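*Asks:* This is the structure, below, for whatever I ask next.
The values are calculated or read from the model by the stated rules, or taken from the named source; none is laboratory data. Predicted model only: the values in this text are computed from it and were never measured. Neighbour counts run over all protein chains shown; Cβ positions are idealised from the backbone, glycine included. Keep in mind that these areas ignore ligands, DNA and RNA; they rest on the heavy atoms of the full protein, side chains included. Shrake-Rupley method; radii C 1.70, N 1.55, O 1.52, S 1.80 Å.
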Amino acid sequence: MHHFARRSAGFTVALAAAGLLIAGCGDDDTSVSDTVGSVTSAVMPGGGASGSPSPEAEGSPTETSGAEGSATPDEDPNADAGETTVQTPDGTEVTVKGSIYQKYTEAGGPTGTLGMPEGEEQVVADGGRYQDFTGGTIFFSEETGAHVVWGDIREAWEANGGAEGQLGFPVSDEEDTPEGKMSEFQGGTITWNSSDRSTTVTEN
């Protein structure tokens, strides 16, 4: 499988309202739902009045096609961390949950750098998971946790086989370096040089 796309308690109504406020400051009359989408947050198990997780949190992520047999998803230690359902501009409702949800929250959610989700969580052939967003992709495996890959580093990673290549899953988010940016993977490092906009892949 070589498809990889472009680069806590749940999103509250306050976050959605903030998004609406930002959208309302623009010069055009585009519908706020077309700009930000509506966000509904599920309550973290044990943290709300009901004390029980939502049905979606207990479900299995979608398995990708193309791999022989069915991949068994890795156990997510943060499966009960919460989730959010985002309504995209085209009206599609997409759920983000567990460890990927936590990382998405850290990145600012739908109004952050990652932007809107492009589809439901998917399963990689070896059991890891990923979810595509308009600004990048969050990858998760039980061994490495959840990390964001985007931009030129993501393109170089995909060109080297992505999670199923020699580099494997990301073990860090993108970090700043004196020369530009860097992301670490199970099998090596990819760096991006801001002066000439080049990427360098170094395998362990």
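*Asks:* Scan segment 183-195 and tell me whether some residue there is open to solvent by 60 Å² or more (accessible area, probe 1.4 Å), in a strand (DSSP E or B) and either among the aliphatic types (A, V, I, L, M) or within 21 Å of LEU114 (Cβ to Cβ) (or both).
*Replies:* Within segment 183-195, the subset open to solvent by 60 Å² or more (accessible area, probe 1.4 Å) is 184, 186, 194-195.
Next, only the ones that are in a strand (DSSP E or B) stay: 184.
From what's left, either among the aliphatic types (A, V, I, L, M) or within 21 Å of LEU114 (Cβ to Cβ) (or both): 184.
Yes: one or more hits.
*Asks:* Let me ask something additional. When you go through (1) under 8 Å from the mean Cα position of the chain (by Cα); (2) open to solvent by less than 10 Å² (accessible area, probe 1.4 Å); (3) not charged (D, E, K, R) one by one for HIS147, which number turns out not to apply?
*Replies:* All conditions pass for HIS147, except number (2).
*Asks:* Sort through ALA146, ALA163 and tell me the only one that's part of a strand (DSSP E or B), closer than 25 Å to THR200 by Cα, hydrophobic (A, V, I, L, M, F, W, C) and in contact with a helix residue (DSSP H, G or I) (Cβ under 9 Å, 6 or more places away or on another chain).
*Replies:* On the way: ALA163 fails: part of a strand (DSSP E or B).
Just a single option satisfies the conditions, and that option is ALA146.
*Asks:* Let me ask you something else. Only one residue in ASP173, ASP126 is of a type in the set (D, E, K, R) and open to solvent by less than 60 Å² (accessible area, probe 1.4 Å). Which one? Spell out the reasoning first.
*Replies:* On the way: ASP126 fails: open to solvent by less than 60 Å² (accessible area, probe 1.4 Å).
From the options ASP173, ASP126, the qualifying one is ASP173.
*Asks:* Here's a follow-up. Please indicate, with yes or no, whether at least one residue in segment 135-142 is in a loop (DSSP other than H, G, I, E, B) and either open to solvent by 10 Å² or more (accessible area, probe 1.4 Å) or at pLDDT 95 or above (or both). Even if it seems obvious, please write down each step before you answer.
*Replies:* Residues of segment 135-142 in a loop (DSSP other than H, G, I, E, B): 135, 142.
Remaining after also requiring either open to solvent by 10 Å² or more (accessible area, probe 1.4 Å) or at pLDDT 95 or above (or both): 135, 142.
Within segment 135-142, one or more residues are in a loop (DSSP other than H, G, I, E, B) and either open to solvent by 10 Å² or more (accessible area, probe 1.4 Å) or at pLDDT 95 or above (or both).
*Asks:* Ok, one more. State all residues of segment 109-119 that are open to solvent by 30 Å² or more (accessible area, probe 1.4 Å) and either modelled with pLDDT of 95 or more or over 20 Å from GLY145 (Cβ atoms) (or both); if no residue qualifies, say none. Spell out how you get there, then give the answer.
*Replies:* Pass one, segment 109-119, residues open to solvent by 30 Å² or more (accessible area, probe 1.4 Å): 111, 113, 118.
If the condition is that a residue be open to solvent by 30 Å² or more (accessible area, probe 1.4 Å) and either modelled with pLDDT of 95 or more or over 20 Å from GLY145 (Cβ atoms) (or both), then THR111, GLU118 are the ones that fit.
*Asks:* Run THR105 past the list (1) assigned to a strand (DSSP E or B); (2) closer than 16 Å to ASP173 by Cα; (3) open to solvent by 20 Å² or more (accessible area, probe 1.4 Å); (4) hydroxyl-bearing (Ser, Thr, Tyr) and report the number of the one that doesn't hold.
*Replies:* Exception for THR105: condition (1).
*Asks:* Here's another thing I want to ask about it. Scan segment 184-197 and report the pairs whose first residue is under 10 Å from GLU174 (Cβ atoms) and whose second residue is open to solvent by less than 30 Å² (accessible area, probe 1.4 Å) and of a type in the set (Lys, Arg), with Cβ atoms within less than 9 Å and a gap of 6+ or a chain change.
*Replies:* Partner pairs satisfying both residue conditions: ILE190/ARG154.
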